[in-house]
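A.B. asks: Questions regarding the structure given below will be posed in turn.
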Amino acid sequence: MEFSLNELDVNQQTFFDETLKLILFLFSLEKIPRNIIDQIIGTFNNWISQVYVPLLNNNIRDIVQNSTYKIDDNFVGSLRSMLSENKFPLENFLTEHQRFKILKKNSSVKDHTDVKIGEQSSMNDSTSKVDTEEKSIVHLPLDESLKIFLELPGILEEVIAYIKTLKNEKQIISNIMQGSLWKTKYEHLNKTNMTLPFVLFFDDFEPGNGLGSHAGEQKLGGAYMSMPFLTPRLVSKLENILVSSVFYSTDRECFGNKVFSGEVKYFNKLSREGLSLQINDKIHNVFFECVLITGDNLGLNSICGFDQGFNSLKGYWCRSCRAIGEQARYLTEEIPELLRNELNMS
């Protein structure tokens, strides 16, 4: 983190702005847990109030006592009062609640939205009555996430240069934007503005048990958005995979693909309306198309309506062909008549 401020330019507003930058910098350090950030800020705040400010007070006292000139008592009192008022400069940033409240107020952090997907009834054993509980998912608007990311300095310029490189490469196909699907179906949808692809990824996970079976009651489903139009330098970083929504896996089993209603809404919006990006005082209109839904076998089968029992003898669990489970076990060669196409996919 770099500071480029002249010491004479610092006022209360610049102090506040630079403190926000410091907080965001700490949050960006992936190896530092958020509870440790609490300790860092709290310790630094105490160091200022208990060590640094008293040191300045002592220095003022020594200067006054050793000075050969008469120093106005009111001036000294004003200095001490100023130090006392600024004794706890980070008191408004001590807790995570305070920090996020300030960051949201200053548009440095975008909050999630709760999207209702339905209601579920259950028997209350203590009252012997049926209780109705509203079910919702946590959704992060993709248009806002994309806009914030693509308006970062240098990102869109790097994307444009990378797309030109892909178009000029005729020998090696390394990106979906070089494939026939993108070129024939999506690339020319918008003649005057840029169209970019993105990929939806879905998988279940269990918090605190990343390598477990994901079969617990707290199992969650996550939908993520990856951006194949990014350069290899950017696309390989986890921080550049955007979280779209998080929900309980049991809710998906109950309400089906209604849990993806937020994704459908924003996919259509990004395709029809696009985004207006302001880069260097210039407006760029960019549109987006979802070209692929991916995930592990179980995740894809569950959201695409295929059989989830891979050991089933009668189920159609293969997404590439219509061989039933028992037949698929013994197939050693491709049977063209069994391959799925647009007509028999369902």
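The values are calculated or read from the model by the stated rules, or taken from the named source; none is laboratory data. Just so it is clear, the structure is predicted and the values come from calculations on it, not from any experiment. Virtual Cβ from ideal backbone geometry, glycine too; neighbours counted across all protein chains shown.
A.B. asks: Just one of the numbered conditions (1) surrounded by 15 or more Cβ atoms within 10 Å (Cβ to Cβ); (2) closer than 25 Å to Phe27 by Cα; (3) at pLDDT below 85 is not true of Asp114; which one?
C.D. replies: (1)
A.B. asks: Continuing with the same structure: Look through Asn58, Asn124, Asn74 and report the one residue that is in contact with an Asp or Glu (Cβ under 9 Å, 6 or more places away or on another chain) and more than 30 Å from Glu273 (Cβ to Cβ).
C.D. replies: Asn124
A.B. asks: Could you please find all residues in region 318-332 being loosely packed, with under 12 Cβ neighbours inside 10 Å and assigned to a loop (DSSP other than H, G, I, E, B)?
C.D. replies: Ser320, Thr332
A.B. asks: Tally up the residues in region 160-176 that are β-branched (Val, Ile, Thr) and under 17 Å from Met227 (Cβ atoms), please.
C.D. replies: Of region 160-176, the ones β-branched (Val, Ile, Thr) are 160, 163, 165, 172-173, 176.
From the residues that got through so far, the ones that are under 17 Å from Met227 (Cβ atoms) too are 160, 163, 165, 176.
Going through region 160-176 one residue at a time, the tally reaches 4.
A.B. asks: Quick check on region 54-66. Is at least one of its residues at negative phi, in contact (Cβ under 8 Å) with a residue 40 or more places away in the chain and exposed (fewer than 14 other Cβ atoms within 10 Å of the Cβ)?
C.D. replies: Of all residues in region 54-66, those at negative phi come to 54-66.
Then drop every residue that is not in contact (Cβ under 8 Å) with a residue 40 or more places away in the chain, which leaves none.
No, region 54-66 has no match at all.
A.B. asks: Which residue is farthest from Leu24 (Cα to Cα), if the candidates are limited to region 53-111 and must be small (Gly, Ala, Ser) and over 25 Å from the mean Cα position of the chain (by Cα)? Show your work before the answer.
C.D. replies: In the first step, residues of region 53-111 are kept if they are small (Gly, Ala, Ser); the result is 67, 77-78, 81, 84, 107-108.
After this cut, where a residue has to be over 25 Å from the mean Cα position of the chain (by Cα) as well, the list is 67, 77-78, 81, 84.
On the way: Ser67: 43, Gly77: 36, Ser78: 33, Ser81: 31, Ser84: 27 Å.
Looking at residues that are small (Gly, Ala, Ser) and over 25 Å from the mean Cα position of the chain (by Cα), I get Ser67.
A.B. asks: While we're looking at this one, here's another question. Could you list, in sequence order, all residues of region 248-285 that are aliphatic (A, V, I, L, M), in contact with a Lys or Arg (Cβ under 9 Å, 6 or more places away or on another chain) and more than 23 Å from Ile155 (Cα to Cα)? Break it down stepwise before answering.
C.D. replies: Pass one, region 248-285, residues aliphatic (A, V, I, L, M): 259, 264, 270, 275, 277, 279, 283.
Those left that are additionally in contact with a Lys or Arg (Cβ under 9 Å, 6 or more places away or on another chain): 259, 275, 277.
The answer is Val259, and nothing else.
A.B. asks: Further, regarding this structure: Which residue pairs have Cβ atoms under 8 Å apart, sit 6 or more places apart or on different chains, and have a first residue in region 315-333 that is without any contact (Cβ under 8 Å) to a residue 60 or more places away in the chain and a second that is surrounded by fewer than 17 Cβ atoms within 10 Å (Cβ to Cβ) and among the hydroxyl-bearing types (Ser, Thr, Tyr)?
C.D. replies: Gly325/Ser312
A.B. asks: Assess whether Lys110 counts as being in contact (Cβ under 8 Å) with a residue 24 or more places away in the chain and outside any helix (DSSP H, G or I). Give the derivation first.
C.D. replies: Numbers: in contact (Cβ under 8 Å) with a residue 24 or more places away in the chain: yes; outside any helix (DSSP H, G or I): yes.
Yes.
A.B. asks: Would you pick out the residues in region 32-90 that are among the charged types (D, E, K, R) and either farther than 21 Å from Gln12 by Cβ or in contact with a His (Cβ under 7 Å, 6 or more places away or on another chain) (or both)? So that I can check it myself, show each step before the final result.
C.D. replies: Initially, region 32-90 is screened for residues among the charged types (D, E, K, R), giving 34, 38, 61-62, 70, 72-73, 80, 85, 87.
Result: Arg34, Asp38, Arg61, Asp62, Lys70, Asp72, Asp73.
A.B. asks: Please specify each residue of region 68-107 satisfying the condition of being among the polar types (S, T, N, Q) and part of a helix (DSSP H, G or I). Steps first, answer last, please.
C.D. replies: Of region 68-107, the ones among the polar types (S, T, N, Q) are 68, 74, 78, 81, 84, 86, 92, 95, 98, 106-107.
Scanning region 68-107 gives Asn74, Ser78, Ser81, Ser84, Asn92, Gln98.
A.B. asks: List every residue pair whose Cβ atoms sit under 7 Å apart, with the two residues 6 or more apart in sequence or on different chains, where the first one lies in region 166-181 and is within 21 Å of Phe198 (Cα to Cα) and free of Cβ contacts under 8 Å to residues at least 60 places away in the same chain and the second, anywhere, is among the β-branched types (Val, Ile, Thr) and not in a helix (DSSP H, G or I).
C.D. replies: That search, which allows pairs on different chains as well, returns Gly179/Ile173.
A.B. asks: Can you tell which of Glu253, Glu187 is in contact with a strand residue (DSSP E or B) (Cβ under 8 Å, 6 or more places away or on another chain) and farther than 23 Å from Lys110 by Cβ? Working first, answer last.
C.D. replies: Values: Glu253 fails: in contact with a strand residue (DSSP E or B) (Cβ under 8 Å, 6 or more places away or on another chain).
Selected residue: Glu187, the only one of Glu253, Glu187 that is in contact with a strand residue (DSSP E or B) (Cβ under 8 Å, 6 or more places away or on another chain) and farther than 23 Å from Lys110 by Cβ.
A.B. asks: Is at least one residue of region 145-156 surrounded by 16 or more Cβ atoms within 10 Å (Cβ to Cβ), more than 30 Å from Gly221 (Cβ to Cβ) and either of a type outside the set (Lys, Arg) or in contact (Cβ under 8 Å) with a residue 24 or more places away in the chain (or both)? Quick ask: steps written out before the conclusion?
C.D. replies: Residues of region 145-156 that are surrounded by 16 or more Cβ atoms within 10 Å (Cβ to Cβ), as a first pass: 145-147, 149-150, 155-156.
Filter once more, so that each one left must be more than 30 Å from Gly221 (Cβ to Cβ): 156.
Filter again for either of a type outside the set (Lys, Arg) or in contact (Cβ under 8 Å) with a residue 24 or more places away in the chain (or both), leaving 156.
Checked against the condition, which is being surrounded by 16 or more Cβ atoms within 10 Å (Cβ to Cβ), more than 30 Å from Gly221 (Cβ to Cβ) and either of a type outside the set (Lys, Arg) or in contact (Cβ under 8 Å) with a residue 24 or more places away in the chain (or both), region 145-156 yields at least one hit.
A.B. asks: Here's something else I'd like to know. Would you call Asp38 assigned to a helix (DSSP H, G or I), charged (D, E, K, R) and within 24 Å of Glu239 (Cβ to Cβ)? Reasoning before the result, please.
C.D. replies: Values: assigned to a helix (DSSP H, G or I): yes; charged (D, E, K, R): yes; within 24 Å of Glu239 (Cβ to Cβ): yes.
Against the criterion (assigned to a helix (DSSP H, G or I), charged (D, E, K, R) and within 24 Å of Glu239 (Cβ to Cβ)), Asp38 qualifies.
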